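J.: Okay, here's the structure, questions in a sec.
Every number in this text was worked out from the coordinates using simple rules, so none of it is lab data. As the structure is a prediction and not an experimental result, all values here were calculated from the model. Every residue, glycine as well, gets a Cβ built from its backbone with ideal geometry; the counts of neighbours run over all protein chains shown.
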């Protein structure tokens, strides 16, 4: 008998899918410098990649940080001065971060979610999964809104939720 994936882990994977879809649908004008006071598309994607890498790869698994993200870490932190990293580099970093996190996230069960996450002030792993869902969906929405400013169609977020619905 297989163990069912915890719903919050499935939702986190759906959030990652939503971020990737929103990033991939971003028209060229929104991939470059920031539009007004909003973050640039490249910054948002890099910021997401940095958070995923920090929590699920270096923090949870003890892996070395992604080299590109580590090189630019200060630029992607919350509250950092506005920056516009090259979108293709940020998108590739997001793909790498998610790929490295998948094995760890796929192995989580209810017991693992209840354990303290020593890399984040002893919050539980489950609390971080829930926070990661919220963080990723907020930024997927931000990417969709930026895309809409330059003519992209409605992103239809949160999307099909294929992991949460059991279709994955």
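J.: In degrees, nearest 10, range 0 to 90: what is the angle between the Cα axis of helix 125-149 and the longest Cα principal axis of the chain?
T.: Helix 125-149 and the main axis of the chain meet at about 20 degrees.
J.: Output the peptides 101-112, 46-57, 31-42, 124-135 sorted from most to least packed, where packing is the average of other Cβ atoms within 10 Å over each peptide's residues. Could you put the intermediate results ahead of the total?
T.: Values: 101-112: 14.5, 46-57: 24.9, 31-42: 16.7, 124-135: 19.0.
Result, highest mean first: 46-57, 124-135, 31-42, 101-112.
J.: For the chain, what's the relative contact order in percent, using C-alpha pairs closer than 8 Å and at least 6 residues apart? Can you show the working numbers first?
T.: On the way: 221 pairs, mean separation 63.4, N = 168.
Contact order relative to length: 38 percent.
J.: While we're looking at this one, here's another question. Relative to the longest principal axis of the C-alpha atoms of the chain, give the angle of the C-alpha long axis of helix 41-52, reported between 0 and 90° and rounded to the nearest 10°.
T.: 20
J.: From the Cα gyration tensor of the stretch 113-167, with a ≥ b ≥ c the square roots of its eigenvalues, which class applies: rounded if a/c is under 1.5, or else prolate if a/b is larger than b/c, or else oblate?
T.: Numbers: a/c = 6.28, a/b = 1.94, b/c = 3.24.
It comes out oblate by the Cα gyration axes.
J.: Write down Rg/Rh for the stretch 54-141, rounded to two decimals, with Rg from the C-alpha atoms and Rh from the Kirkwood relation over Cα pairs. List each step's numbers first, then the result.
T.: On the way: Rg = 13.8 Å, Rh = 14.2 Å.
Rg/Rh: 0.97.
J.: How many angstrom separate the Cα center of the stretch 10-44 from the Cα center of the stretch 88-102?
T.: 13
J.: Could you pull the Rg and Dmax for the stretch 16-104, using just the Cα atoms, both in Å?
T.: Rg and Dmax of the stretch 16-104, Cα atoms, are 12.5, 39 Å.
J.: Now for a different question. To the nearest µm²/s, what D does Stokes-Einstein give for the stretch 101-144 at 4 °C and 1.567 mPa s, using the Kirkwood radius over alpha carbon pairs as Rh?
T.: Details: Rh = 11.3 Å.
Estimated diffusion coefficient is 114 µm²/s.
J.: Kindly express, to the nearest 10 degrees and within the range 0 to 90, the angle between helix 7-24's C-alpha long axis and the longest C-alpha principal axis of the chain.
T.: 20
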